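The values are calculated or read from the model by the stated rules, or taken from the named source; none is laboratory data. Bear in mind the structure is a predicted one, so any value in this text is a computation, not a measurement. Glycine also receives a Cβ, built like all others from the backbone with ideal geometry; neighbour counts cover every protein chain displayed. These area figures cover heavy atoms from the full protein model, side chains too; ligands, DNA and RNA do not enter into them. Shrake-Rupley method; radii C 1.70, N 1.55, O 1.52, S 1.80 Å.
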Amino acid sequence: MWDLQHLFRKHARDIAQSLRRRGIAEETAADLTQDTFVRVLVSPPASGTVAHNPAGYLFRVARNLGIDHQRRERRVTFVDLAPEAFAALADTAPSAETIVYDRQKLALTKAALAELPERTRKAFEMHRLEAMTIAAVAAELDLSVSRTWSLIRHAYEHIDTRLSAVR
């Protein structure tokens, strides 16, 4: 078996340089050089077939990877976009996973609210959903501000506990 570490140290720079001479960008040549050694590591040549010239084999693998890369490049059309144009193309809609996750959390929140005592649920809904101040909620429910705050805090804690149980 070949000593790939030794071969890499000895030939990687020359392989990348040969790819660059074929018109491949420096970063891509470096990537293809890495791919060459990965390819040989994952799928080594049959024993005895090229044992006499490992460097030649590596250069051939790199050349073939370079040709494949250039063929792919010719098939793909690239367009330079200004950041503003790119931002206009970006889809800001949430992913399907995000929608499902958010719907599940909403269902759990509704279930947690339904488990609360009526007055606690009402205080929470008035404060959170109707955007009423705690003082306004207290006046509406004929409770003290501290008792109202206690009910709302209890509702938050209950919902958080229910949502935390499924994270």
MET132 accessible area, 1.4 Å probe, all protein chains in place, Å² to nearest 10: 50 Å²
Alpha-carbon centroid distance for the pair the range 86-111 / the range 4-65, whole angstrom: 45 Å
Compute, for PHE78, the solvent-accessible surface of its heavy atoms (probe 1.4 Å) with the complete set of protein chains present, and express it in square angstrom to the nearest 10. 140 Å²
Quick check for me: using +1 on Lys/Arg Cβ and -1 on Asp/Glu Cβ, what's the dipole size of the range 92-137 about its Cα centre, in debye to the nearest 20? 100 debye
Put TRP2, TRP149 in order of accessible area, largest first, 1.4 Å probe: what do you get? TRP149, TRP2
If DNA, RNA and ligands are ignored and the probe is 1.4 Å, what is the ranking of SER146, SER164 by accessible area, most exposed first? SER146, SER164
Values of log10 I(q)/I(0), in the order q = 0.16 Å⁻¹, for the range 1-103 under a Debye, Cα-only, solvent-free model: -0.75
With +1 assigned to the C-beta of every Lys and Arg and -1 to the C-beta of every Asp and Glu, and no other charges, what is the dipole magnitude of the chain about the Cα centre in debye, to the nearest 20? 800 debye
Using the charge dipole of the chain (Lys, Arg: +1 at Cβ; Asp, Glu: -1 at Cβ; taken about the Cα centre), state which of PRO94, VAL42, HIS127 has its Cα farthest towards the positive end. VAL42
Residue-level accessible surface for GLU26, protein heavy atoms, 1.4 Å, Å²: 120 Å²
Anchor LYS10: aspartates and glutamates whose Cα lies under 20 Å away (excluding residues fewer than 8 positions away in-chain): GLU26, GLU27, ASP31, ASP35
